[in-house]
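What follows is a short report on a single structure.
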Amino acid sequence: MSVAPEHSEPCEPSWPVPPVGGWTADDLDRLPHLPPHTELIDGSLVFVSPQSLFHYRAVSFFERQLESLAPPELEVIRDFTIDVDRQNRPEPDVIVVPGDIVDDFRLTRFPAESVVLAVEVVSPESLTRDRETKPVKYARAKIPHYWRVEEDRGRAVVYVFELEPATGAYTSTGIFHARMKTEVPFPLDLDLTRITPRPSAES
């Protein structure tokens, strides 16, 4: 005689329940089973959606180019969180930091005040954060340079900002399409068309 299987209740996903006052920067190191690249913004956990091909190519491009052109005293780091304050621990796509703070391989974050440049490549779900939320927080943390990379009609556009010391806010210092040339934080001359190369026309 066969025995009918017992019917169990469907498993519901278990989401972290925030404590009173929200999560803190330290909680990101303690919470189990968080998805990769989880950020903390204003005490709330932000889960990142799957990246697009443009996002992947743009992040890889800037990581490679900055590594090849940065002076030896600077280090280029990809996908690493930074401590802005107790309730904000974002993860820029690429950062440039002094090499002398990269001396402990157990580190899970850097203090935001050590960051020389933060680069964010915009995804549809991160548009408001990258255009509005993060620049304000990065400026308050006194990160001197911020770049925002967007896709426009199949090409990369880079919006470059520099911290204005009198106001403590970012000011735009350039919008770059096919070519990006700047002297800060170190001399760069980049061919942005390499991020999204278009196939050559058949003869």
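The values are calculated or read from the model by the stated rules, or taken from the named source; none is laboratory data. Because the structure is predicted, anything quoted here is derived from the model rather than measured. FYI the Cβ positions are ideal-geometry reconstructions off the backbone, even for glycines, and counts take in every protein chain you see.
For the stretch 89-105, which residues satisfy the criterion of being in a strand (DSSP E or B) and either of a type in the set (Asp, Glu) or touching a Lys or Arg at 6+ places or on another chain (Cβ under 7 Å) (or both)?
Residues of the stretch 89-105 in a strand (DSSP E or B): 89, 94-98.
Listed by number, the residues that qualify are ARG89, VAL94.
Across the stretch 164-181, what is the total count of residues that are of a type outside the set (Gly, Ala, Ser), surrounded by 10 or more Cβ atoms within 10 Å (Cβ to Cβ) and over 21 Å from SER114 (Cβ atoms)?
Result for the stretch 164-181: 8.
Is there a residue in the stretch 71-88 that is among the polar types (S, T, N, Q), more than 21 Å from THR182 (Cα to Cα) and surrounded by 20 or more Cβ atoms within 10 Å (Cβ to Cβ)?
Yes: one or more hits.
Within the stretch 106-147, which residues are within 15 Å of GLU91 (Cβ to Cβ), assigned to a loop (DSSP other than H, G, I, E, B) and more than 13 Å from the chain's Cα centre (by Cα)?
Within the stretch 106-147, LEU107, THR108, ALA141, ILE143 qualify.
Restricting to the stretch 166-199, give me the number of residues that are more than 15 Å from PHE61 (Cβ to Cβ) and modelled with pLDDT of 95 or more.
Selection size over the stretch 166-199: 17.
What pairs come out if I take residues in the stretch 131-159 that are under 17 Å from SER172 (Cβ atoms) and free of Cβ contacts under 8 Å to residues at least 40 places away in the same chain and pair them with residues that are among the acidic types (Asp, Glu) and buried (at least 20 other Cβ atoms within 10 Å of the Cβ) whose C-beta lies under 7 Å away, six or more apart or interchain?
ARG148/GLU120; ARG148/ASP130
Taking PRO35 as the residue in question, decide whether it is in a loop (DSSP other than H, G, I, E, B) and modelled with pLDDT under 95. Lay out the reasoning, then the answer.
Working: in a loop (DSSP other than H, G, I, E, B): yes; modelled with pLDDT under 95: yes.
Spelling it out, PRO35 is indeed in a loop (DSSP other than H, G, I, E, B) and modelled with pLDDT under 95.
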